[in-house]
Amino acid sequence: MIDLAIQVGQTAKPEATLFWILAPLSVAAALGMLLVKKAVHSAILMAFVMIALAVFYIAQGAPFLGIVQIVVYTGAVMMLFLFILMLVGVDSSDSLTETIKGLRPTAITAAVGFGGLMISLLGRATLGRNAVGVEAANAEGNVQGIASLLFSTYVWPFEVVSALLITAALGSMVLAHHHRIQTRPTQRELSIQRFRSGSLANAAGLPAPGVFARHNAVDVPALLPDGTAAAASINASLKARGDVLNSSAFELGNIDTSVEEEK
Amino acid sequence: MMTSTTLVYLIALPLAGSAILLLAGRRSDKWGHLLATGLSASSFFVGLYQLSLMLGRSNSERPITQKLFEWISVGTFKIDASLMLDQLSICFVLLITGVGTLIHIYSISYMSHDADRRRFFAFLNLFIAAMLLLVLGDSYLNLYVGWEGVGLASYLLIGFWNQKPAYATASKKAFVMNRVGDMGLSFAIMIAFATMGTVSFSGVKAAVDHTSTAALTSIGIMLLVAATGKSAQFPLQAWLGDAMAGPTPVSALIHAATMVTAGVYLITRSNFIFDAAPTAQLLVVIVGAITLMFGALIGTAKDDIKKALAASTMSQIGYMILGAGLGPVGYAFAIMHLLTHGFFKAGMFLGAGSVMHGMNDEVNMRKYGALRKFMPITFATFGLGYLAILGVPPFAGFYSKDMIIETAFNSGGAKGIILGCVTLLGAGITAFYMTRVMILTFTGKSRWDDEAHPHESPWLMWLPMAILAIGSVTSGYLLSHGDALVNWLSPLFENHAEHAELLSPLVVSGLALAMVAIGIAIAFIKYSRNEVAAVAPTDVSIFTTIARQDLLQDRFNEAVFMAPGKVLTAVLVKTDEAVIDGAVRGAGRIALGSGSALRGVQTGFVRSYAALILLGAVALVAAIWVVTQ
Amino acid sequence: MNAANYLYLSALLFTIGAVGVVIRRNAIVVFMCIELMLNAANLSFVTFSRINGDLNGQVIAFFTMVVAACEVVVGLAIIVTIYRSRRSASIDDASLLKR
């Protein structure tokens, strides 16, 4: 472990500073991913880890990969994650209590063992071995270097990977394709169904937020004719997030008229 | 050797008949029997034509061959499917096709009430073709094909009425016991191939000189095993009595005249092997002598007319085998007895069939009696055959059987005296039981049931009987006049030095006739002077009981082969259940048990699987850690 | 100049990702943890590239990214499909293999 401690601090000075700031932060963010309840928060922490990694790539002489990391991962992949989170329900939060007996201690013990062994192995492999550095390889520019490799040595894997990408796109389309079993109900049928189902209260549809209210905003509930706030006019997601303004402040009876009188 | 292009027709004609009848099915019901008979007769005429050609050639040019096609070609080992007709084969060809055709004619009438007559004729033609292939094959392998073919035909015909379980069992018994002999033949072929590298008759004959005596003896013994199987010789004789389950024409053709003599043909054909293997030759003689007495003793006790005749066949073939075992001097006499026996025994079987035909298929001789008056033609033809088998001069048996007895006596030393006495005694017993058959069937008082209305058979049946009877009378004289057959066959066999004559032919004939007379006298005293019971008496001596049970041959087989076989199969079944099934089931149980034990791991939760993968990764990294230490 | 510290970071992040896969139930979070593991591996590749002084490691990392993108596309489509029929994104609910 002493060896380890010595080895860790041996990067060149400015880079070391960067590393020692960003690395603990990214480890903390990664741990946070496991500990927060809401998937959205996990996603944001993940994005942070990815950006930190992009910085590390650039610091290690891989500017192309760093940019790609930001564009592809933080830009596209994380956007996809968030998009799916929205579909699945952004307000859902997980319970962190374990339901499978003995899984968590097993996993943590295994992970500690795994991490310890890996670090020990890596230390053994890299001990006293200085990095060559990619400056020579990047002499003509990092992008040019990668391109010359990609289109010479790795041209065949490159083509295969492109086929994989197309297949994956097609696959996701097939998976997402929803096969309609019944014919789509017409607007007329929907309307009839609405009037026939239960009370007439919902027949006209839910009230839009902000109607008759002093604030024409999505987080302000509509006011009913009797002056009370209509709770149904607010999106459930906003309500779950707790982003709804207190509607009672906008009810007719409670309007503070003093402000207008001052004008 | 001259080649021919017409030999194949001998086989092709009956084979085509069989194929047409079997393939055309019921459409050929009306004319199938006529076609089969016609084709058999055509084959006979082809045989006569070949004989005329052969007579026109000098001795050394008589054998002819025909190559049909190249059958097996493996490296340097080549076997052609080719036929060979020589002086020995032509005798068989004419016997097979001649007697065969007569029996075809007989069967037209005999089987006329049978719904499956067409099938019967198809099988008969198949048999003729297979038997001809047997005697015409130019190598042991070609012979083997015919050998198996006649076995098949025999099986099909014994079990022709297989709706009766006993008959089906009889056919199976014949087939299985024949298989034992067939194994012998296949072993002989394999040994011949291994030691000589060839299986053709000419090749083996040429190779005999530089082959060890041990190999020749083993080949000879295996050939003898084959012969005992096919010819119902001791110890593979038990199937012949049961083979009488087949229709009587079948018994006449296959189990009297032709197929059962295939063993004699095989030994005679392999004379060059037996001449060079004295041990095997001695065994042949012993087998012949034992079977000769065996069959004769069984014959004295049988009340079933066909079984009595079958026992007699066994005994007579014993004579032939004995003759063939006596070496070069005996081959020709064995063949001569084979030919004359083919006439008189076939005739007697057809006579027995005629009797059965008139007696509602009754086979028990104790239910016969006084049939002479009702069936004069059958009586006459049967009687001529009877005189022939007894060896009464000038009938056929006198020439052929006395020759064998004489040769046996003259084979030298104690062996000659023993064999001579056995053959003489056999002749006496033969006289006794054949006389018994004659008396029980044709003379005395009638003992049949009221439903029986004995009548003479139609001309289609008695004509073949008459022709065969003529053969029984004349064939012996014709074949032995001026040593005709001996000279005819002599090019095939090694020349031999004459043995010193122990007894002159005249003395032998006198002795034989005396024995025959004694046998006849005993039979007359026992069955003609005394009343014959319609039901077989049960308070008889132990010897009669044993003889009635075929000298315990079946019991012996059951005790020595079947019982241990059953024990062996029982043990094997148990072993199979305990060890093999146990191993299989055990493997299943292990899989099942380990599956049940491991089922707990399968929670169905992806995360627990992921945890297991993680553990696996830990193990892997730990392994790398240890290895790179 | 020794770049081993990046490798240690990579190992730590990978381990954290592995633990996340095992202990989190939300399919999307599990998926993100898998991405974390891939990213950790990528960091290793880039560091190896630097240690060895050639760009092969970077190219491999590039390929990993492409494969990861494919995986995300298909995996998320599967999650959506499962969610559509089960109204749940918990991977413990999809345990039909047991029953």
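Quick note: the coordinates plus some simple rules give every number you see, no bench work behind them. Quick caveat: nothing in here was measured; it's all calculated off a predicted structure. Cβ atoms come from the backbone with ideal geometry, glycine included; neighbour counts cover every protein chain shown.
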Evaluate peptide A:175-183: per residue, the Cβ atoms of other protein chains within 10 Å of its Cβ; return the mean as an integer. 2
If you take the beta carbon distance between B:Ala521 and B:Tyr477 as r and set R0 to 35 Å, what does 1/(1 + (r/R0)^6) give as a FRET efficiency, to the nearest 0.05? 0.85
Dividing the alpha-carbon Rg of chain B by 2.2 N^0.38 Å yields what? 1.17
Step through the table entries B:Lys78/B:Lys415; B:Lys345/B:Lys415; B:Lys173/B:Lys415; B:Lys345/B:Lys367; B:Lys306/B:Lys445; B:Lys230/B:Lys526, compare each Cα-Cα distance with 32 Å, and write down the pairs that go over it. B:Lys78/B:Lys415; B:Lys173/B:Lys415; B:Lys230/B:Lys526
Seen from all sides and averaged, what is the projected area of the convex hull of the Cα atoms in region C:4-86, in nm²? 5.4
Taking B:Met183, B:Met314, A:Met118, B:Met356 and counting other beta carbon atoms within 10 angstrom, the fewest-first order is B:Met183, B:Met356, A:Met118, B:Met314
Calculate the length of the line joining the C-alpha centroid of region B:378-449 to that of region B:16-67, in whole Å. 34
Run down the lysines and flag those whose C-alpha is under 25 Å from the C-alpha of A:Lys239, throwing out any fewer than 8 positions away in its chain. A:Lys37, A:Lys38
Quick one: Cα convex hull volume of region B:286-536, Å³ per residue? 110
With Rg from the Cα atoms and Rh as the Kirkwood inverse mean 1/r over Cα pairs, the protein assembly as shown has an Rg/Rh of 1.38
What number results when the radius of gyration of region B:557-627, computed over Cα atoms, is divided by 2.2 N^0.38 Å? 2.24
Name the shape class, rounded, prolate or oblate, that the alpha-carbon gyration tensor gives for region B:32-140, where a ≥ b ≥ c are the square roots of its eigenvalues, rounded holds for a/c under 1.5, and otherwise prolate holds if a/b is larger than b/c and oblate otherwise. oblate
Tell me, rounded to the nearest percent, the portion of alpha carbon pairs in region A:139-178 spaced more than 13 Å apart. 63
Give the separation of the Cα centroids, region B:568-623 to region B:310-344, in Å. 70
Ranked on Cβ counts within 10 Å of their own Cβ, fewest leading, B:Leu94, B:Leu492, B:Leu132 go B:Leu94, B:Leu492, B:Leu132
In Å and from the alpha-carbon atoms only, list the Rg and Dmax of region B:220-324. 13.2, 43
Taking the Kirkwood radius as the inverse of the mean 1/r across Cα pairs, report the Rg/Rh of region B:1-44. 1.13
How do C:61-71, C:7-17 rank on mean C-beta neighbours within 10 Å, highest first? C:7-17, C:61-71
For A:Leu31, B:Leu185, what ranking results if the residue with the fewest other Cβ atoms within 10 Å of its Cβ goes first? A:Leu31, B:Leu185
Amide H partners (placed H, <5 Å) of B:Asp304, local residues excluded: B:Met365
Mean per-residue count of partner chain Cβ within 10 Å for B:574-587 equals 0
Shielding of A:58-67 by partners, i.e. mean partner chain Cβ atoms within 10 Å per residue? 5
